[in-house]
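Undergrad: Before I ask anything, here is the structure I am working with.
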Amino acid sequence: MNGIHNLSAGCPEFPAVLERVFGFAASVQQYMEAGLAAHGLSRARATVVWLVHRGGPQTQRALAKAIGVTARNITALVDGLEESGFVRRTAHPDDRRALLVQLTDQGKAVTAGLAAEYERHSAYLFAGLSEEQVRQFVATMDTVMGRLAQVATATADR
């Protein structure tokens with residue numbers, strides 16, 4: 001057995017902690033999906049919109065690479081976002097073969113609203129915690145997520 005699986009030996013509370021982590025992850029996912037659905041977005045579409053919001057107009061190729069999907073997948077996502085009025089495709093100024101994906105006014109309004117909600121909710125969730133408590137929480141989450149990535153890699157390599 002490798003070191004990853006030996007970490008919990010003799011600590012009966014670790015499975016209960018992991019159960020809490022999974023519950024936390026499920027709650028975060030439900031919260032995100034409900035908030036995005038209120039704006040007519042799936043998580044995948046919201047990721048594209050957010051990347052364009054953060055990085056400005058981008059090619060579909062750059063977006064596909066950033067989120068790790070195929071050209072076919074990004075085309076379907078951008079098609080849906082364009083039909084819904086969140087983005088539009090425009091000619092690339094330097095490459096006549098490429099198109100840029102950019103936010104429409106509706107897309108800009110939605111991302112501004114999502115950013116404001118994000119700020120408001122994060123302020124609420126962490127209100128009353130000291131800076132040290134927040135730092136410890138982040139450090140613990142980083143450690144756990146790193147170990148989860150190791151477990152996922154080890155599982156995929158079997």
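Undergrad: Give a residue-ordered list of calculated ³J(HN,Hα) values for the range 86-98 (Karplus: 6.51 cos²θ - 1.76 cosθ + 1.60, θ = phi - 60°; whole Hz; x for Gly, Pro).
TA: 7, 9, 9, 9, 10, 5, 6, x, 10, 9, 5, 7, 9
Undergrad: Counting only residues 5 or more places away or on other chains, whose amide H sits under 5 Å from the amide H of THR59 once H atoms are built in the peptide plane?
TA: Amide H neighbours of THR59: VAL101.
Undergrad: Listing GLU82, GLU132 from the residue with the fewest other Cβ atoms within 10 Å to the one with the most, what is the order?
TA: By the 10 Å Cβ count, ascending, the order reads GLU132, GLU82.
Read-outs throughout are calculated quantities, based only on the coordinates presented, and are distinct from any laboratory measurement. The shown structure was predicted, so the numbers you read here are calculated from the model rather than taken from an experiment. Backbone-built Cβ (ideal geometry, glycine too); neighbour counts: all protein chains shown.
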